[in-house]
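See below for the structure under consideration.
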Amino acid sequence: MLREELSRDNELAETTRLFTEEDLKMATSNYDESGIIGRGGYGTVYKGVISPNNIVVAIKKAKLSEQSQNSQFINEVIILSRTNHINIVKLIGCCLKTEVPLLVYEFITNGTLSDHIHGKDIGTYLSWELCLQIAAEIAGAIAYLHSAASPPIIHRDIKSTNILLDENFIAKVADFGASKLVPRDHAEIATLVQGTFGYMDPEYFHSSELTEKSDVYSFGVLLAELITGEPAISFDRPEKDRSLAAYFISSVRTGNGMPSIIQKNLVHEEKNIQQIKQVAMLAARCLKVTGDKRPSMKEVAMELEGLKTMVEHPWVDKDSTSDHNETEYLLNESVLSDAIGSTSFGYSSIIGFDNTSIEMTRKVQFR
């Protein structure tokens, strides 16, 4: 399948390095278990060293061999070969001469964003400034996919486990196996869609219509995760709050409940609280039930970049009163009233699952 794509697409063929089976066996010491840096439903990721230049890489090896899994790997090659952005993980190449597909990526050293938010023993501290930087970088990468890539790309599985961090905490969006190139004519096509409970757009879930605004919703959940330190789905929370989106929106709407959900280690001065509230309100807009009422990722990225500039260059913000007034306005219940409703769609129906990253597949119409 991939050879056919390479033969049809000269640009894809030029940007995709083809490794031999022996290259990757040598790189991983014959896939020694000591080199495993990640496992998942898709397969296993190994750390490897490619000769002769001793380039450190991550090698994703699919499980034996489901056609759907092969298709996802091929899709990832096609998608990543069309992207060039500092905050998107770089695909170096692949191997076609093995029983299962093998993809070779740049090696990102600092784990996933989820590790740093939820990992109890990782020993790192994400300051508010760093959270804002990471959020702005992710938003910029998704905005690039939606607005600058040709054709545009919908990621379809934005979540904290799919965000890698390098040694300088630069964010890299990863895992494009479920991503979709948007048809130039935006014609409807029948497709199988994957999503993760807790991050999935409720409008998409109910209507089976996938748009760029589905990524916006998922990004809103990720922002809520950064602000609260809470997982997207948690069975440790009361039943009505198991969905972070519903829990977050409810807390923001009440206003007084907002400070209690902010991670304590993020707050160190009054101005900081106001900035966190502004980002919280941006997350609430991303989490609106109706996709048309959500901002575009380009708008989200611009707003986060503006806030990041204020953190980096505080003298830019001369009128703190207007910022405070704007935040108070955004906290008004009327602004948030339509962000409630079915935000917690269908979560009561999955009680009994013991996993916060349950994958689901549905046949949908893509618009």
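Quick note: the coordinates plus some simple rules give every number you see, no bench work behind them. Owing to the predicted nature of the structure, the values given are computational and were not obtained by experimental measurement. Every residue, glycine among them, receives a Cβ derived from its backbone with ideal geometry; neighbour counts consider all protein chains shown.
The figures follow:
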read-out	value
Residues K25 and S71, FRET efficiency given R0 of 30 Å [Cβ-Cβ distance, rounded to 0.05]	0.75
Least to most buried among K63, K277 (fewest other Cβ within 10 Å first)	K63, K277
Pairwise centroid distance, computed over Cα atoms, of region 258-304 with region 152-179, Å	20
Extension gain (nm, one decimal) between H206 and V267, 0.36 nm per residue minus Cα-Cα	18.2 nm
Residue order, fewest to most surrounding Cβ atoms within 10 angstrom, among S147, S214	S147, S214
Flagged links, alpha-carbon separation over 26 Å, of K240/K308; K61/K308; K180/K308; K159/K277; K97/K172	K240/K308; K61/K308; K180/K308; K97/K172
Using a Förster distance of 25 Å, the FRET efficiency for S51-S150 (Cβ separation, nearest 0.05)	0.10
